[in-house]
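K.L.:
Quick one: this structure, given as structure tokens, is what I'll be asking you about.
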Amino acid sequence: MSVRKRYAVAASGRWTDEEDNVRLPAGEVHAWEQGMNQTVCGLSLSRSRLDRFPHVAWTDVIPESGGAADRVRRLCPRCASVAGRGGADARPRWRRTNPRP
């Protein structure tokens, strides 16, 4: 059984929530593994000038989640394919029903 990784967020912009006084991602959002200097899709964090958000989980920036996705304009499609678009209880996109022998 595979273990799901917990991805944090790197984004092209940021904003501060006035109620909680917490930095949140804005603009284009990428999945990022803590301890790495690049996003899941291979962009360098420093060269791309992406801000790191280790306190924000990838599942919170998906627009359907409603979490920290208020000002997210675009999810990186390559990061979304690796990190997933759903939470831990999301079903796989397809299932083989009649495998070859």
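The values are calculated or read from the model by the stated rules, or taken from the named source; none is laboratory data. All figures in this text were calculated on a predicted structure; none of them were measured in a lab. Cβ: placed from backbone, ideal geometry, glycine included. Neighbour counts: every protein chain shown. SASA here: full protein model, heavy atoms, side chains in, ligands and nucleic acids out. Shrake-Rupley method; radii C 1.70, N 1.55, O 1.52, S 1.80 Å.
K.L.:
On average, how much accessible surface per residue is there in the chain, in Å², for a 1.4 Å probe, leaving out ligands, DNA and RNA? If you can, show how the numbers build up before the last one.
P.N.:
On the way: 7490 Å² over 101 residues.
Roughly 74 Å² per residue, with all protein chains present.
K.L.:
Find the percent of Cα-Cα distances in the chain that exceed 16 Å, and round it to a whole number.
P.N.:
Details: 2883 of 5050 pairs.
Looking at the chain, the distances longer than 16 Å represent 57 percent of pairs.
K.L.:
Could you work out the local net charge near Ala26, counting Lys and Arg as +1, Asp and Glu as -1, over the other residues with Cβ closer than 13 Å to its Cβ?
P.N.:
Neighbourhood net charge equals +1.
K.L.:
Give, in nm to one decimal, the length gained when the segment between Arg47 and Arg100 is fully stretched (0.36 nm per residue of separation minus the Cα-Cα distance).
P.N.:
Difference between extended and current length: 14.5 nm.
K.L.:
Taking only DSSP H segments of four or more residues, each worth -39500 (n - 2.57), what value at 222 nm results for the chain once the sum is divided by all its residues, to the nearest 500 deg cm²/dmol?
P.N.:
-1500 deg cm²/dmol, from helical runs alone.
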